[in-house]
Amino acid sequence: MAWWRTLYSDPDAHWDKVVTIRGEDIAPVVTWGTSPEDVLPITGVVPHPEEFSGGKVEAARRALEYMGLEPGTRLQDIRIDTVFIGSCTNGRIEDLRAAAAILKGRKIAVKRAMVVPGSGLVRAQAEEEGLDRIFKEAGFEWRLAGCSMCLAMNPDQLSPGERCASTSNRNFEGGRAAAAAPI
């Protein structure tokens, strides 16, 4: 925040429109589908494919079938089996610091949780800062940097029917290895 406070407008600046956004009113967003555009606030419900138009109707049907979700289901009611923090996209040191701040003093409520730093340098820095200990104390596996669950190129895979909450920015069909294991 300190850096943001150094950014200011000229005192005589004129604006076409002033928009005020209260951060505390913004709910986190989660996916219900397989595309980065298939997101809603966690307070929302799984949409009906008919709410879309054109080719998106069939894409929504396909995504719901893959995800094993029913339209109208509250997103907060969807059971999670695994938590995956990391990936090359969202495994930066800033991401790990933010997650560790939330997890400090808490324990996981899922059967499996893992952290995969975005690079070896990020992993080393996180260990230097003690973030790895916070994750381990919360019940997370502290892993080496790599693709991990994003591509399921190693044993980091879901079993059929399992669900994963992930910080990765993609939800490839079959990307977690099991055909019926959506993220």
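If a residue has to be loosely packed, with under 15 Cβ neighbours inside 10 Å, of a type in the set (Lys, Arg) and in a loop (DSSP other than H, G, I, E, B) to count, how many in the range 108-145 make the cut? Adding up the residues that qualify gives 1. Every listed requirement among (1) touching a strand residue (DSSP E or B) at 6+ places or on another chain (Cβ under 8 Å); (2) more than 30 Å from Glu128 (Cα to Cα); (3) hydroxyl-bearing (Ser, Thr, Tyr) is met by Ser35 save one, (1). Can you tell me which residue in the range 1-36 is modelled with the lowest pLDDT, limited to those that are of a type in the set (Asp, Glu) and part of a loop (DSSP other than H, G, I, E, B)? The selected residue is Asp10. Consider the range 63-107 and keep the residues that are of a type in the set (D, E, K, R) and not in a loop (DSSP other than H, G, I, E, B). The one that is nearest to Arg133 (Cα to Cα) is Arg97.
Evaluating Ser148 against the criteria (1) on the phi > 0 side of the Ramachandran plot; (2) surrounded by fewer than 16 Cβ atoms within 10 Å (Cβ to Cβ); (3) in contact with an Asp or Glu (Cβ under 6 Å, 6 or more places away or on another chain) leaves one unmet condition, (2). Looking across the range 1-49, the residues that are free of Cβ contacts under 8 Å to residues at least 24 places away in the same chain and among the aromatic types (Phe, Trp, Tyr) come down to Trp3, Trp4, Tyr8, Trp15. Just so you know, in the range 37-62 the residues that are acidic (Asp, Glu) and assigned to a loop (DSSP other than H, G, I, E, B) include one that is surrounded by the fewest Cβ atoms within 10 Å (Cβ to Cβ), and it is Glu37.
The values are calculated or read from the model by the stated rules, or taken from the named source; none is laboratory data. Please read all numbers here as calculations on a predicted model, not as lab measurements. Don't worry about glycine lacking a Cβ; one is built from the backbone with ideal geometry, like all the others, and counts go over all protein chains shown.
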